[in-house]
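Engineer: This is the structure I want to talk about, given as structure tokens.
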Amino acid sequence: MAKKKRGLKEEYNLLTRDLDWDPTFVTREEMYPYTDFEGIKIHNWNNLEDPFRVTVESYVRIQGEKERKFHAIRENIDLLQGQLDMTDARWLEAMKIFSSVALNGEYNAHRLFQFIARHVPSPAIRFAAITQSVDELRHVQNEVLLFNNYNKYYQGFHDWKNYAHRHWLTSVVKSFFEDAQSAGPFEALVAIAFGFEVAFTNLLFVTMGATAVANRDQSYGAVSFTTQSDESRHMTLGMMALRAMIEEDPDNIPIVQKFLDKWFWKAYRAFTVVGYILDYIAPKKVMSWKEAYEMYIEDQVLNGLFKDLEVYGIRKPKYWEQTVQEKEHNSHIAALVLYRLPHVLYFHPFAPTEEDKKWLAEKYPESWENIWSKKWEAFEDPNFDRLYPGLPMVCQTCQYPMFFDEPGQPGFNTAFRTSEHEGEVYHFCSDGCKDIFDDEPDKIKQAWLPPHEIFKGTCGPAEDLANYWGMEPEDGGDYYESVDHQNFEKWKKVRA
Amino acid sequence: MTQVNERNRYVGLDLTNCPESEAILEAIEQDNENVKITRFPGYVKVEAINRLVINKESVEEFLGDDWETEDLQLAVTSYYGFMADWDDEHIVLQWDNV
Amino acid sequence: MIFLYVYVHGNPPPLCLPANPGDKWADFKEVIRNMYKVNPDQVEMTHFDEPFQPQDDKTLAELGIRQKSLLKIKA
């Protein structure tokens, strides 16, 4: 008689959770040296279960199927000349930013999950983190493969590694991951699983994925949805771990609250550039940053998840009100500032077209007409010196140029915050970034700030900076004067 | 009918456009109350108040084919709420404290 | 060498500029004039948030400017 097939739960318990072992050659403390580092108390590590109940067998089968679907699309893009189908090549400016920021981010997320898998002594979390570290490698590889196709036809994709490691703008995302990688294992988990996966990656892969589909960029459409399908599992890890920490011991509450405050703010700041992509770069727009923020952050996280957590004594992350206020403004600030930097970017900034402006006026009735359209008028004046004359001051914590406004005073009223530490002054763009420094000054003081390093000569001679960043002369400049734009117009006619 | 308010909140799934997603949507609509569906380029958001159940049997009926609950991973691109239960027969997404 | 930051109100982001603490204000203000197209003799300035009225023949160090000082200018 054939044996009855094991159910999902039994299969998971047998093949994942119960495979854990107690060390005999070393003590448990020696095996997991960072368990107590952050003060988190977990009394029974076996209480945790992964709701997805992933086993090696199911993981390999499901991921294999995702890969099959993805590569079928990818091969078709080559075959059917997908690079000509886009609404406009301007969309690819988003992909250039993505390639330099996300590929490096995903690779570092892979390393971060390895660290979590090694150091959190729960079999459920360790196994979930192992599979997730493999997911992240899959994302990097698929994205590199896709950008390989763009690179045959367009500028700005040829040297993503140098942009990622050396360009001043990508320092933002690098510092995010370096902070997380040098934290303890529980903070690392909150950083990646909550800050990124539960909260903000939705804006990058779902909203931006839908925007890619609307702009007929099948490449990113395919890559974003296959990537984000793994993120669902990652969210589960985040939610499971978060609740476990909160429920296991009341002493964990203030520690977890601090992690949530820090990583909500850090992820929020890091994702500023996504607003620029949704509101400005996308030739055909699907959803404004404001709408995406309301749906994915306000409804789902702030008024969804945090309502569930408040019974444990967890409150919404600090400065959430400021993030809600800023949803009206920050994409415009970023677009205006980047517009002045065509000479030091590996993508093409531009001023919004009449069509863009109409849409912006509709989506931002509060702020467009009164504030931001006027700034654009001034910037587009022929007498205005467009090129920003030097290197910008950046925030010690988030490393964005200091361009964020004082809360409640939008319109280029730049906010400044400072702290003194060991007789030295440090500058921040916001209370959120200042608090992070004040809590760990000896860590954040070590930040590698691009303008300082450039002046110190760390990046080679100033006249050779473009080369150091991996840029070719055609990479920068205004989109509407670029070779990419000219070629796209030419090819479109041939294809028509 | 349950209304969304301070405590009653939506949970939801974002499903990538594919035949399985359509069957899952129909199964959700049949087996849950107050279902809200919003379509976007490339994906669809399906939400219900406080709790959303996906039954394997219903999905198979609408799909006209075998479907395992773990196959949800091939369609789901994002979700919110807690995965309260996931076994061979059904998946439950919910807020615990409503 | 020190770095200092110069912000002209309404013009984000501020510039990061390298300087020598021994430089005279008379020389440094020319950098501001060139970068921002403002007349540094006819503006209202603060060093951090303190009013700042520099004399041309003083050095940056004598004027209290130090590593990562922030000058804010109202043009």
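The values are calculated or read from the model by the stated rules, or taken from the named source; none is laboratory data. Given the structure is predicted, the values throughout are model-derived calculations rather than measurements. All Cβ positions, even for glycine, are placed from backbone atoms using ideal geometry, and neighbour counts span all protein chains on display. Remember, those area values only see protein heavy atoms, side chains included, never the ligands or the DNA or RNA. Shrake-Rupley method; radii C 1.70, N 1.55, O 1.52, S 1.80 Å.
Engineer: (1) farther than 24 Å from residue A:96 by Cα; (2) open to solvent by 30 Å² or more (accessible area, probe 1.4 Å); (3) at pLDDT 95 or above; (4) assigned to a helix (DSSP H, G or I): which one isn't true of residue A:458, the others all being true?
Structural biologist: So the condition that residue A:458 fails would be (4).
Engineer: So which residues in region A:291-314 are over 15 Å from residue A:208 (Cβ atoms) and either touching a helix residue (DSSP H, G or I) at 6+ places or on another chain (Cβ under 7 Å) or hydrophobic (A, V, I, L, M, F, W, C) (or both)?
Structural biologist: Across region A:291-314, the qualifying residues are A:298, A:301, A:302, A:305, A:306, A:309, A:311, A:312, A:313, A:314.
Engineer: Given the condition within 14 Å of residue C:16 (Cα to Cα), open to solvent by less than 80 Å² (accessible area, probe 1.4 Å) and within 14 Å of another protein chain (Cβ to nearest Cβ), answer yes or no: does some residue in region C:39-61 qualify?
Structural biologist: The answer is no; no qualifying residue exists.
Engineer: If residue B:83 satisfies all but one of (1) farther than 19 Å from residue A:58 by Cβ; (2) within 9 Å of chain A (Cβ to nearest Cβ), what's the number of the condition it fails?
Structural biologist: So residue B:83 meets the others, but not (1).
Engineer: Quick check: is even one residue across region A:35-48 open to solvent by less than 40 Å² (accessible area, probe 1.4 Å), within 14 Å of another protein chain (Cβ to nearest Cβ) and not hydroxyl-bearing (Ser, Thr, Tyr)?
Structural biologist: Yes: one or more hits.
Engineer: A follow-up question, please. Among the candidates B:77, B:69, single out the residue that is in contact with a Leu (Cβ under 8 Å, 6 or more places away or on another chain), closer than 18 Å to residue A:237 by Cα and of a type in the set (Ser, Thr, Tyr).
Structural biologist: B:77 is the lone residue from the list that is in contact with a Leu (Cβ under 8 Å, 6 or more places away or on another chain), closer than 18 Å to residue A:237 by Cα and of a type in the set (Ser, Thr, Tyr).
Engineer: Here's another thing I want to ask about it. Are there any helices (runs of 4 or more DSSP H) wholly within region A:1-96 with 2 or more residues that are out of contact with any strand residue (DSSP E or B) (no Cβ under 6 Å at 6 or more places or on another chain) and within 26 Å of residue B:83 (Cα to Cα), and if so which?
Structural biologist: Because the criterion is at least 2 residues that are out of contact with any strand residue (DSSP E or B) (no Cβ under 6 Å at 6 or more places or on another chain) and within 26 Å of residue B:83 (Cα to Cα), the helices (runs of 4 or more DSSP H) in region A:1-96 that meet it are A:8-15, A:56-79.
Engineer: Here is a follow-up. It is to be established whether one or more residues within region A:350-358 are in contact with a helix residue (DSSP H, G or I) (Cβ under 7 Å, 6 or more places away or on another chain) and closer than 23 Å to residue A:167 by Cβ.
Structural biologist: Within region A:350-358 (the criterion being in contact with a helix residue (DSSP H, G or I) (Cβ under 7 Å, 6 or more places away or on another chain) and closer than 23 Å to residue A:167 by Cβ), the answer is yes, since at least one residue qualifies.
Engineer: For residue A:382, only one of the following conditions fails: (1) in a loop (DSSP other than H, G, I, E, B); (2) within 14 Å of another protein chain (Cβ to nearest Cβ). What is its number?
Structural biologist: For residue A:382, the exception is condition (2).
Engineer: For region C:21-37, enumerate the residues that are within 12 Å of chain A (Cβ to nearest Cβ), touching a helix residue (DSSP H, G or I) at 6+ places or on another chain (Cβ under 9 Å) and in contact (Cβ under 8 Å) with a residue 24 or more places away in the chain.
Structural biologist: Answer for region C:21-37, where residues must be within 12 Å of chain A (Cβ to nearest Cβ), touching a helix residue (DSSP H, G or I) at 6+ places or on another chain (Cβ under 9 Å) and in contact (Cβ under 8 Å) with a residue 24 or more places away in the chain: just C:32.
Engineer: I would also like to ask the following. Being open to solvent by 40 Å² or more (accessible area, probe 1.4 Å), β-branched (Val, Ile, Thr), within 14 Å of chain B (Cβ to nearest Cβ) and within 30 Å of the chain's Cα centre (by Cα) is the requirement here; does residue A:54 meet it?
Structural biologist: Spelling it out, it is not the case that residue A:54 is open to solvent by 40 Å² or more (accessible area, probe 1.4 Å), β-branched (Val, Ile, Thr), within 14 Å of chain B (Cβ to nearest Cβ) and within 30 Å of the chain's Cα centre (by Cα).
Engineer: Give the residues of region B:29-44 that are out of contact with any helix residue (DSSP H, G or I) (no Cβ under 8 Å at 6 or more places or on another chain) and either open to solvent by less than 70 Å² (accessible area, probe 1.4 Å) or among the small types (Gly, Ala, Ser) (or both), sorted by residue number.
Structural biologist: If the condition is that a residue be out of contact with any helix residue (DSSP H, G or I) (no Cβ under 8 Å at 6 or more places or on another chain) and either open to solvent by less than 70 Å² (accessible area, probe 1.4 Å) or among the small types (Gly, Ala, Ser) (or both), then B:32, B:34, B:38 are the ones that fit.
Engineer: Checking the condition within 30 Å of residue A:40 (Cα to Cα) and touching a residue at least 60 places away in the same chain (Cβ under 8 Å), which residue from A:131, A:170 passes?
Structural biologist: When all the criteria are applied, what remains is A:131.
Engineer: Would you pick out the residues in region A:119-165 that are closer than 18 Å to residue A:240 by Cα and in a helix (DSSP H, G or I)?
Structural biologist: A:119, A:123, A:124, A:125, A:126, A:127, A:128, A:129, A:130, A:131, A:132, A:133
Engineer: Among the residues of region A:410-443, count how many are farther than 21 Å from residue C:50 by Cα, more than 9 Å from every other protein chain (Cβ to nearest Cβ) and assigned to a loop (DSSP other than H, G, I, E, B).
Structural biologist: 3
Engineer: Quick one: how many residues across region A:353-377 are loosely packed, with under 13 Cβ neighbours inside 10 Å and aliphatic (A, V, I, L, M)?
Structural biologist: Total meeting the criteria: 0.
Engineer: Here's a follow-up. Inspect all residues belonging to region A:282-302 and state whether any of them is closer than 30 Å to residue A:149 by Cβ, among the β-branched types (Val, Ile, Thr) and either without any contact (Cβ under 8 Å) to a residue 24 or more places away in the chain or assigned to a helix (DSSP H, G or I) (or both).
Structural biologist: No, because not a single residue in region A:282-302 is closer than 30 Å to residue A:149 by Cβ, among the β-branched types (Val, Ile, Thr) and either without any contact (Cβ under 8 Å) to a residue 24 or more places away in the chain or assigned to a helix (DSSP H, G or I) (or both).
Engineer: Further question: Hey, among A:435, A:475, A:439, A:484, which residue is within 22 Å of residue A:179 (Cα to Cα), of a type in the set (D, E, K, R), surrounded by 14 or more Cβ atoms within 10 Å (Cβ to Cβ) and touching a residue at least 24 places away in the same chain (Cβ under 8 Å)?
Structural biologist: Among A:435, A:475, A:439, A:484, only A:435 is within 22 Å of residue A:179 (Cα to Cα), of a type in the set (D, E, K, R), surrounded by 14 or more Cβ atoms within 10 Å (Cβ to Cβ) and touching a residue at least 24 places away in the same chain (Cβ under 8 Å).
Engineer: Of all residues in region C:62-75, count the ones that are more than 11 Å from the chain's Cα centre (by Cα) and either modelled with pLDDT under 95 or crowded, with 19+ Cβ neighbours inside 10 Å (or both).
Structural biologist: 2
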